[in-house]
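The values are calculated or read from the model by the stated rules, or taken from the named source; none is laboratory data. Values in this document were obtained by computation on a predicted structure and should not be read as measured data. Here the Cβ positions follow ideal geometry from the backbone for every residue, glycine too, while neighbour counts run over all protein chains shown. Accessible surface is based on the protein model in full, side chains and every heavy atom, while ligands, DNA and RNA are left aside. Shrake-Rupley method; radii C 1.70, N 1.55, O 1.52, S 1.80 Å.
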Amino acid sequence: MRLRNIPGADEAVLNSPYCIKNPSERKGSWQSVFLSEQPIHIEIGMGKGRFIMDMAAAHPDINYIGIERYSSVLLRALQKMELTPLINLKFICMDAAEVTEVFAAGEVSRIYLNFSDPWPKDRHAKRRLTSQSFLTRYDAILKKDGRLEFKTDNQDLFTFSLEEIPKAGWQLDAFTRDLHHDVVLNRGNIMTEYEEKFSSLGNPICKLIASR
Ligand code: SAM
């Protein structure tokens, strides 16, 4: 998803009450940005925000934080929030590589990765959000009983991710290569923008759940 250079996007993100500026200053005190103290779930690479907004509406007992690298993409979510504000949802515009500078140990209860960029070239493997180097970062911010949930239609990225999990010392709790026909894992599934697009083309959706 590359929607760069939307005039005014940086400024809109900077001025939005839904987007947290200087997020590293909130490290260890993320509960204070929400009205209620409740578990924090984050989505990394949230795109235009459909999944995390639907999740926040469906689960008012959870505080959600959506992370997106590009202001031009995040802008779409901010525009939707202006029409339908959700008190349990905030956004951060940043690179996921910085998550350990932004969240303290055990501050996050769940991490969602949805249709992450595949970075198909071997030399870019470390950039994949399910690579060992990212799993190590997630380990540093997740609660002891926290978990990671990952969905994609990219079979190669999914196979890579299944292999990275044990290498990083994580355990695989469940996985499927056909989520929409898996009665158990599909229960309560909320579709992302990419999930709807690719499943409508006939691509099976893969999902894994991992913990430490
Ligand atoms: N999760 C959405 C969905 O499933 O519809 C969007 C998927 S899109 C393919 C991947 C998104 O992740 C893009 O918006 C991209 O900018 C964002 N992204 C990729 N790498 C990132 C990173 N290192 N930090 C933050 N966001 C990232």
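Of the numbered criteria (1) within 15 Å of the ligand (Cβ to nearest atom); (2) small (G, A, S); (3) exposed (fewer than 15 other Cβ atoms within 10 Å of the Cβ), the one S131 fails is (3). For segment 167-189, filtering for residues that are in contact with a strand residue (DSSP E or B) (Cβ under 7 Å, 6 or more places away or on another chain) and either modelled with pLDDT under 95 or open to solvent by 50 Å² or more (accessible area, probe 1.4 Å) (or both) leaves 5.
The number of residues in segment 195-212 that are open to solvent by 60 Å² or more (accessible area, probe 1.4 Å) and within 17 Å of the chain's Cα centre (by Cα) comes to 1. Filtering segment 32-71 to residues that are assigned to a helix (DSSP H, G or I), more than 15 Å from I190 (Cβ to Cβ) and either over 18 Å from the mean Cα position of the chain (by Cα) or hydrophobic (A, V, I, L, M, F, W, C) (or both) leaves S32, V33. Every test in (1) within 13 Å of the ligand (Cβ to nearest atom); (2) open to solvent by 60 Å² or more (accessible area, probe 1.4 Å) is passed by T192 save one, and that test is (2). Residues of segment 40-47 include at least one that is open to solvent by less than 20 Å² (accessible area, probe 1.4 Å) and of a type in the set (D, E).
Just one of the numbered conditions (1) touching a residue at least 40 places away in the same chain (Cβ under 8 Å); (2) in a loop (DSSP other than H, G, I, E, B); (3) more than 20 Å from Y138 (Cβ to Cβ) is not true of A12: (2). Residue check: D117 meets all listed conditions (1) within 12 Å of the ligand (Cβ to nearest atom); (2) free of Cβ contacts under 8 Å to residues at least 40 places away in the same chain; (3) under 15 Å from the mean Cα position of the chain (by Cα) but one, namely (2). No other residue among I20, I40, I62 is in contact with a His (Cβ under 6 Å, 6 or more places away or on another chain) and more than 13 Å from the ligand (Cβ to nearest atom) apart from I62.
Of the residues making up segment 175-212, those that are over 24 Å from A77 (Cα atoms) and among the aliphatic types (A, V, I, L, M) are L179, V183, V184, L185, L201, L208, I209, A210. From the list L83, L35, the lone residue that is more than 30 Å from D145 (Cβ to Cβ) and surrounded by fewer than 22 Cβ atoms within 10 Å (Cβ to Cβ) is L83.
Per-residue answers, yes or no, for (1) open to solvent by 50 Å² or more (accessible area, probe 1.4 Å); (2) more than 11 Å from the ligand (Cβ to nearest atom); (3) in contact with a Pro (Cβ under 8 Å, 6 or more places away or on another chain); (4) within 26 Å of P7 (Cα to Cα):
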| site | (1), (2), (3), (4) |
| --- | --- |
| E98 | yes, no, no, yes |
| E107 | no, yes, no, no |
| R110 | yes, yes, yes, no |
| G146 | no, yes, no, no |
